[in-house]
Amino acid sequence: MNLRRDVFQAIADPTRRSILLLLASQAMTAGAIAANFDSARPTISKHLQILTECELLQQEQTGREIYYHFNPEKMKAVADFIEPFRQMWDERFNKLEAIMKKQSPKK
Amino acid sequence: MEYKTKVQAEAGKQDITITREFELPVDLLFRAYTEADILEQWMGTSVLKLENKRHGSYQFITTDPKGNKHGFNGTIHEFAPGSRITRTFEMENGSFGVQLEFLEFEPLGEERSKLSIHSIFRSVEQRDGLLKLPFAYGINMAHDRLQEIAVKLNHQA
């Protein structure tokens, strides 16, 4: 079993994505999160644990309750991953545009 | 900042959409995909075969900075001049499987056009693998450069 916890792995699961979506607007306790899903409570706990381990969620103690917060900084890591791919295509397309502008009889 | 080239790759999905607007009439944009000598220039690849027709196929070979050769190939399923190419794409020595690509060329007035490439992979893992490739390549390049510098420093010492 692969125990490596990265952001990609964390967001590959649809339930975990729903949890992130839920927490994007407000911090919630594990119980309140679980109430939104049909899955068993331990299953949701496991998802919360994975999301917390890869720092997509942060726990915060408020009185007797533990609230889960969404950490948007970590989501940026995913965007950063895609950025080199985007740049590669951007460079190719810039080249394409420059070459074709020379081909155009009007210019 | 708004980028000219946009990449959409939703988490947990097995597709990628690349869109780009060009300051080119749509016919010129389309030609960049169908004329081998032009395609070779902007893709940085050699074109061994490019049959622009339904049931046609294509084959490219690219040499990376280290001199390694990488083959690419695919089959054309739909070819509508100036508007659409549907084809498969496969990296011959990669582990990303075969992808299905929908290329759509759209005029935006006389002098502008838009290209959308929708690529579908067999699995989320294969898609993420390909997405990460330029990232991993960048890290390897940086690593190689570090090694070169380290070797030079060693020689000087």
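The values are calculated or read from the model by the stated rules, or taken from the named source; none is laboratory data. Nothing here was measured: the structure is a model prediction, and the numbers come from that model. Here the Cβ positions follow ideal geometry from the backbone for every residue, glycine too, while neighbour counts run over all protein chains shown.
Within region B:9-24, track down each residue that is more than 9 Å from chain A (Cβ to nearest Cβ), modelled with pLDDT of 90 or more and more than 20 Å from B:Glu111 (Cα to Cα).
Correct list: B:Gln14, B:Asp15, B:Thr17.
Return the residues of region B:46-69 that are at pLDDT 95 or above, over 14 Å from the mean Cα position of the chain (by Cα) and part of a strand (DSSP E or B); say none if nothing qualifies.
Those that are at pLDDT 95 or above, over 14 Å from the mean Cα position of the chain (by Cα) and part of a strand (DSSP E or B): B:Leu48, B:Lys49, B:Leu50, B:Ser57.
Grab the helices (runs of 4 or more DSSP H) fully contained in chain A, keeping just those with 3 or more residues being surrounded by 12 or more Cβ atoms within 10 Å (Cβ to Cβ), small (Gly, Ala, Ser) and on the phi < 0 side of the Ramachandran plot. Steps first, answer last, please.
On the way: elements: A:7-11, A:14-25, A:30-34, A:41-53, A:72-103.
In chain A, A:30-34 are the helices (runs of 4 or more DSSP H) which contain 3 or more residues that are surrounded by 12 or more Cβ atoms within 10 Å (Cβ to Cβ), small (Gly, Ala, Ser) and on the phi < 0 side of the Ramachandran plot.
Exactly one condition in (1) under 21 Å from A:Asp6 (Cα atoms); (2) more than 21 Å from the chain's Cα centre (by Cα) is not met by A:Asn94; state its number.
A:Asn94 satisfies every listed condition except (1).
Residue by residue through region B:8-45, note down the ones that are under 14 Å from the mean Cα position of the chain (by Cα) and either farther than 23 Å from A:Gln87 by Cβ or in a loop (DSSP other than H, G, I, E, B) (or both).
B:Gly44, B:Thr45
Quick grid of which residues meet (1) more than 30 Å from A:Gln26 (Cβ to Cβ); (2) modelled with pLDDT under 90; (3) within 11 Å of another protein chain (Cβ to nearest Cβ):
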| site | (1), (2), (3) |
| --- | --- |
| A:Leu51 | no, no, no |
| A:Cys54 | no, yes, no |
| A:Met75 | no, yes, yes |
| A:Glu91 | yes, no, yes |
| A:Leu96 | yes, no, yes |
| A:Gln103 | yes, yes, yes |
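A:Thr62 passes all but one of (1) out of contact with any strand residue (DSSP E or B) (no Cβ under 8 Å at 6 or more places or on another chain); (2) facing another protein chain (nearest Cβ under 7 Å); (3) among the β-branched types (Val, Ile, Thr); which number fails?
(2)
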